[in-house]
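As structure tokens, the structure follows; a few thoughts come after it.
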Amino acid sequence: MTSSGRRKTPRPKTGILQLLQKELKTFDEENRPLLHDQDERLQLCLVLLESPVLTGLSEAQRFGRLRARKLLFDILRRLGEEVFFLFATAISITRLSRISEETVLEVRQWWKTIRKCPNGLTIKAKEICNDEFKQKYTADMPKDYSSTNQPPPTVVDIEFAELLNFFQKYELGSPRLKLMCPLFGSPLPWIDINLDSSSERTARIELSLRASEALVKYIRVARDLTGVTEVSN
């Protein structure tokens, strides 16, 4: 506490991009050994890739590890070996599990501005991402990105009320929905909605594990209040 008796305001966490920028500066043209913290995070990531679901973890922890693992493979495929290596040596697994698509796009734009990747980083990245590594994890790589040069997605701003009003137009077509919750939260829980009888116009709402838990809790409370019997398969 300060002399005035007030608690110090905690420092804000360093952003993901700032951490990667700082990490990049630790590499030069020489193939130098990793720093202790870098090697420690890298080894934890390699364990994550090998064994994402460890015994003794809560469901939320398992979900976080699976999401972090998916993100690392996503980064490797979309942004390349060097950026993958930076993520693995600079970012903790907990923070990896919380990285958004917006942050990935931000990192991608930053990486495009790097004129020359340090040779030391390239060497280290290729030592990890060798042919044996790629062959071992080919099946785990996301298939929805065909090129690292793919343009960023178009972003359309909409109001929450507009989204609700849109779906309410099709309420009669999908009066009863199913929340699908895969084991361990991978893939993420989702709800499919048919917007017409032809099944040509469908929608899928994806929820985080905590959001799906909150939704189930809300529905149960609402049904208890109204006396509706819960139905599940």
Partner aspartates and glutamates whose C-alpha sits under 18 Å from that of residue 169, ignoring same-chain residues fewer than 8 away, are 159, 192, 196, 200
Given 42-50, 157-165, 79-87, the highest-first ranking by average Cβ count within 10 Å works out to 79-87, 42-50, 157-165
Taking N as the residue count of segment 16-140, its alpha carbon Rg divided by 2.2 N^0.38 Å gives 1.03
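We did not get these values from a lab; they are worked out from the coordinates using the rules stated. Given the structure is predicted, the values throughout are model-derived calculations rather than measurements. Here Cβ is always computed from backbone atoms with ideal geometry, including for glycine, and neighbour counts include all displayed protein chains.
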